[in-house]
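S.K.: Okay, here's the structure, questions in a sec.
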Amino acid sequence: MAEDDIYTDDGTVDIHKKPAIKKETGNWKACGFILGNECCERLAYYGMSTNLVNYLEKRLNQGNVAASNNVTNWSGTCYITPLIGAFLADAYLGRYWTIASFSIIYVFGMTLLTLSASVNGLKPVCGNDVCHPTVSQTAVCFTALYLIALGTGGIKPCVSSFGADQFDETDETERKKKSSFFNWFYFTINVGALIASSVLVWVQMNVGWGWGFGIPAVAMAVAVVSFFSGSRLYRFQRPGGSPLTRIFQVVVASLRKSHVKIPDDKSLLYETANEEQNIKGSRKLKHTEKFRFFDKAAVETEADHVKDLANPWRLCTVTQVEELKSIVRLLPVWASGIVFSTVYSQMSTMFVLQGNTMDQHMGPKFKIPSASLSLFDTLSVIFWAPVYDRTIVPFARKFTGHDRGFTQLQRMGIGLVISILSMVVAGVLEVIRLNFVRKHDFYDLNEIPMSIFWQVPQYFLIGCAEVFTFIGQLEFFYDQAPDAMRSLCSALSLTTVALGNYLSTLLVTIVTKVTTRHGKLGWIPDNLNRGHLDYFYWVLATLSLLNFFVYLWIAKWYTYKKATGKPY
């Protein structure tokens, strides 16, 4: 057997830092441990976050607006901290050790949150359905939450990329499996979320918050064990040094040479002579025509060399320039995901508050918590992810001729359209609900006699939109990222969720401020029966529609990256 058939060609190594052997490492046998880790970690995360708005309202005695904003701010932070973990993974630690180290912080945060909800002195004193938290008890709770936010910052950007690293991109057979991996990765996330939004939310509302947070803490410990169990089977991409340094080098070199003329023959631009790239774990990138100003960094001049060595702050390779161009090209696509994430964030805030006003009974005795309805979003993903992979892709392939059925940009666009429909459906339901309240004068009724299961369609549509947009986004940012910046680009895609949550907070704050002028109750009062939550949904639907039209222009403009050669 030829040596090329024994070892991977994408530069990956095994746990002992030796070239990875194809038959002994990677592929689905390694991914089983990664998917198991992700399932348990997501069970832990959603187990404490799905119903968090109710915990803040009931145990920390916060109102609708305060609780909603605290949840979206915290959730947003959970999607900003991945930038820290991604930088460390790409530059110094590698994805494996970044996941391992940040998992410890995560477990510590989950343990502290459990203690704050179960230990006398740390948990608020409650009586007559009203709790009286002290400042220190509130501080302990939020310290635990933000430790979790930091811990998840090292896991979120690395796990999907680490799983995709188990498939050799230079091998045609393994590359096809990689596309399926992202579908099954998201499927696994939602298996964990399904258990969280059904069983754990019920435990929190009926057994107690100590057990409700304790079980997720144990799940996180199991996630860590699952991850380490597969260590000998993993393939590891070597960290390529600071990606930010390389980006700044191109910017500085371009500015220094702003007066230099770019040659018409692009083969004259500076690049390493051999087939390999001098950035660890990275293949060469072919020159592209857009953002030509940065090409100046690769134009050789007499002042660029010191003792026959190129000064990286004056002369950069074409690949280094194209790394920066790849990031710049990704930014408009990234920005278009922010409004979608704002729509997605409503599941843990406005959908829950809307559900609180409806009849939550399922039969004469069993009462389903409003936060548990997110399980229909989860069921939607669990249904659509395999259907997309096994049915939609082969069917679409017959018409498009594309190996993946749709391009990644087309896939994300379809999800954006479905997200608009979800807001329209949520708005229509709220109009019907408010008309029902007016007709029967139910203004001061905590729960009106209208089944909460009328919310199912809006949850189901968001789940369907996730399969198209979020999974497409995962695959797109991994695929289009420079080889040595994949964790950073995965983190970049996650920041859309953060900014979506922050945008939701901003919209709620602005809407509340504007609509409560002159003593009015506003659109989102504590008693939603006297508000106009439907107007808020119409605002989101309009923003989503405008965002989709901008996205169409961005998708038409985008140029896919072209890699060549072997990684160093």
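The values are calculated or read from the model by the stated rules, or taken from the named source; none is laboratory data. Given the structure is predicted, the values throughout are model-derived calculations rather than measurements. In this analysis, Cβ positions are derived from the backbone assuming ideal geometry, glycine residues included, and neighbour counts consider all displayed protein chains. When the accessible area is computed, the model is the full protein with side chains, heavy atoms only, and any ligands, DNA or RNA have been set aside. Shrake-Rupley method; radii C 1.70, N 1.55, O 1.52, S 1.80 Å.
S.K.: Using just the helices of the chain, give the 222 nm mean residue ellipticity in deg cm²/dmol: DSSP H runs with n ≥ 4 each add -39,500 (n - 2.57), and the total is spread over all residues, rounded to 500.
M.R.: It comes out at -20500 deg cm²/dmol, rounded to the nearest 500.
S.K.: How large is the translational diffusion coefficient of the stretch 417-508 in µm² per second when you combine the Kirkwood radius over alpha carbon pairs with Stokes-Einstein at 4 °C and 1.567 mPa s?
M.R.: Answer from the Stokes-Einstein relation: 80 µm²/s.
S.K.: In addition: Using 0.36 nm times the number of residues separating Val539 and Val125, minus their current alpha carbon distance, what extension gain do you get?
M.R.: Gain on stretching Val539 to Val125: 145.1 nm.
S.K.: On to the next question. When the Karplus curve 6.51 cos²θ - 1.76 cosθ + 1.60 is applied with θ = phi - 60°, which whole-Hz ³J(HN,Hα) does each residue of the stretch 285-290 get, with x for Gly and Pro?
M.R.: Each residue of the stretch 285-290 in turn: 10, 6, 5, 10, 7, 6 Hz.
S.K.: When the distances between all Cα atoms of the stretch 94-200 are binned every 10 Å from zero, what whole-number percent does each bin get?
M.R.: 13, 27, 30, 17, 9, 4, 0
S.K.: Looking at the chain, which Cys residues are left with no other cysteine's beta carbon under 4.7 Å from theirs?
M.R.: Those would be Cys31, Cys39, Cys40, Cys78, Cys141, Cys158, Cys316, Cys464, Cys489, since no other cysteine Cβ in the chain comes under 4.7 Å of theirs.
S.K.: Compute the Rg/Rh shape ratio of the stretch 32-147: radius of gyration over Kirkwood radius, all on alpha-carbon atoms.
M.R.: Value, to two decimals: 1.03.
S.K.: Please list Tyr92, Tyr558, Tyr502 from largest to smallest accessible area, probe radius 1.4 Å, with all protein chains kept in place. Don't jump to the answer; show the numbers that get you there.
M.R.: Numbers: Tyr92 140, Tyr558 20, Tyr502 75 Å².
If we order Tyr92, Tyr558, Tyr502 from most to least accessible, we get Tyr92, Tyr502, Tyr558.
S.K.: So how compact is the stretch 298-353: Cα radius of gyration and Dmax in angstrom?
M.R.: 21.6, 68
S.K.: Give a residue-ordered list of calculated ³J(HN,Hα) values for the stretch 524-536 (Karplus: 6.51 cos²θ - 1.76 cosθ + 1.60, θ = phi - 60°; whole Hz; x for Gly, Pro).
M.R.: Once rounded to whole Hz, the list reads 10, x, 4, 9, 5, 5, 9, x, 9, 4, 4, 4, 5.
S.K.: Further question: I'd like the chymotrypsin sites (Phe, Trp or Tyr not before Pro) in the stretch 427-484 restricted to DSSP loop residues with at most 12 other Cβ atoms within 10 Å, sorted by number.
M.R.: Working: sites: Phe436, Phe442, Tyr443, Phe453, Trp454, Tyr459, Phe460, Phe468, Phe470, Phe476, Phe477, Tyr478; in loops: Phe442, Tyr443.
Passing both the DSSP loop test and the Cβ count: Tyr443.
S.K.: Let me ask you something else. Based on the Cβ-Cβ distance of Tyr92 and Trp28, what FRET efficiency does E = 1/(1 + (r/R0)^6) give at R0 = 30 Å, to the nearest 0.05? Before the final figure, lay out each step's value.
M.R.: On the way: r = 29 Å, r/R0 = 0.97.
In this case the efficiency is close to 0.55.
S.K.: Compute the Rg to Rh ratio over the stretch 377-424 from the alpha carbon atoms, using the Kirkwood formula for Rh, and round to two decimal places.
M.R.: Numbers: Rg = 11.8 Å, Rh = 11.6 Å.
Rounded to two decimals, Rg over Rh is 1.02.
S.K.: Now, a different point. Arrange the residues Trp184, Trp97 by how much accessible surface each exposes, largest first, with a 1.4 angstrom probe.
M.R.: Correct descending sequence by accessible area is Trp97, Trp184.
S.K.: Moving on. Note the full-extension length gain between Val550 and Asn311 as 0.36 nm times their separation in residues minus their Cα-Cα distance, in nm to one decimal. Kindly include the intermediate steps, with their values, before the conclusion.
M.R.: Working: separation 239, 0.36 × 239 = 86.04 nm, distance 4.05 nm.
Contour length minus the Cα-Cα distance gives 82.0 nm.
S.K.: Follow-up. Could you pull the accessible area for Met347 with a 1.4 Å probe, rounded to 10 Å²?
M.R.: Met347 has an accessible surface of roughly 20 Å² with all protein chains in place.
S.K.: Measuring with a 1.4 Å probe in the full set of protein chains, what accessible area per residue, in whole Å², belongs to the stretch 122-250?
M.R.: On a per-residue basis, 37 Å².
S.K.: Out of residues 5 or more away from Ile448 or on other chains, whose amide H comes under 5 Å of its own, with H placed 1.01 Å from N in the peptide plane?
M.R.: Placed amide hydrogens put Met358, Asp359 under 5 Å from Ile448.
S.K.: With only alpha-carbon pairs counted, each pair once and no self-pairs, how large is the Kirkwood hydrodynamic radius of the stretch 186-266 in angstroms?
M.R.: The Cα-based Kirkwood calculation yields 18.2 Å.
S.K.: Need the full-extension length gain, Phe142 to Arg292, defined as separation in residues times 0.36 nm minus the C-alpha distance. One decimal, nm.
M.R.: Full extension from Phe142 to Arg292 adds 49.3 nm.
S.K.: Ok, one more. List the residues whose amide H sits under 5 Å from the amide H of Lys367, counting only those 5 or more places along or on another chain, with H placed 1.01 Å from N in the peptide plane.
M.R.: The list, which skips near neighbours in sequence, is Met362.
S.K.: Provide the descending list of Cα extents for the stretch 47-92 along its principal axes, expressed in whole angstroms.
M.R.: Result, largest extent first: 43, 20, 13 Å.
S.K.: Restricting attention to the alpha-carbon atoms of the stretch 231-382, what are Rg (one decimal) and Dmax (integer), both in Å?
M.R.: 25.7, 85
S.K.: Would you mind listing how long the chain runs along its three principal axes, going by Cα atoms, in whole Å with the largest first?
M.R.: 82, 51, 47
S.K.: Hey, if you drop one equal point scatterer on each alpha-carbon of the stretch 339-406 and run the Debye formula without solvent, what base-10 log of I(q)/I(0) do you get at q = 0.21 Å⁻¹?
M.R.: -0.89
S.K.: Using only the Cα atoms, work out Rg/Rh for the stretch 129-188, with Rh taken as the Kirkwood radius, to two decimals.
M.R.: For the stretch 129-188, the value is 1.36.
S.K.: In terms of solvent-accessible area of protein heavy atoms at a 1.4 angstrom probe, what is the ranking of Leu379, Leu147, highest value first?
M.R.: Leu379, Leu147
S.K.: To continue, here is another question. Counting only residues 5 or more places away or on other chains, whose amide H sits under 5 Å from the amide H of Lys284 once H atoms are built in the peptide plane?
M.R.: The list, which skips near neighbours in sequence, is Gln277, Thr564, Lys566.
S.K.: If you don't mind, there's one more thing I want to ask. Step through the residues of the stretch 25-41 one at a time and calculate ³J(HN,Hα) from phi using the Karplus curve (6.51 cos²θ - 1.76 cosθ + 1.60, θ = phi - 60°), rounding each to whole Hz and writing x for Gly and Pro.
M.R.: Going residue by residue, I get 10, x, 6, 5, 5, 7, 5, x, 6, 5, 5, x, 4, 5, 4, 5, 5 Hz, with x marking Gly and Pro.
S.K.: In addition: Heavy-atom accessible area of His402 with all protein chains present, probe 1.4 Å, nearest 10 Å²?
M.R.: Around 60 Å² of this residue is reachable by solvent.
S.K.: Could you calculate the FRET efficiency of Leu255 with Glu302 from 1/(1 + (r/R0)^6), where r is the beta carbon distance between them and R0 is 25 Å, rounded to 0.05?
M.R.: My answer for the efficiency is 0.85.
S.K.: How big is the charge dipole of the stretch 420-552 about its Cα centre, in debye rounded to the nearest 20, if each Lys and Arg gets +1 on its Cβ and each Asp and Glu gets -1 on its Cβ?
M.R.: Dipole magnitude for the stretch 420-552 comes out near 520 debye.
S.K.: Still on this model: May I ask you to derive the FRET efficiency for Asn73 and Leu331 from their Cβ-Cβ distance with R0 = 30 Å, giving the value to the nearest 0.05?
M.R.: 0.80
S.K.: Once the whole set of protein chains is in place, how much accessible area is left on Cys39, using a 1.4 Å probe, in Å² to the nearest 10?
M.R.: 30
S.K.: For the chain, which whole-number percentage of the solvent-accessible area (1.4 Å probe, protein heavy atoms only) is attributable to carbon and sulfur atoms?
M.R.: Heavy-atom surface of the chain belonging to carbon and sulfur, 1.4 Å probe: 64 percent.
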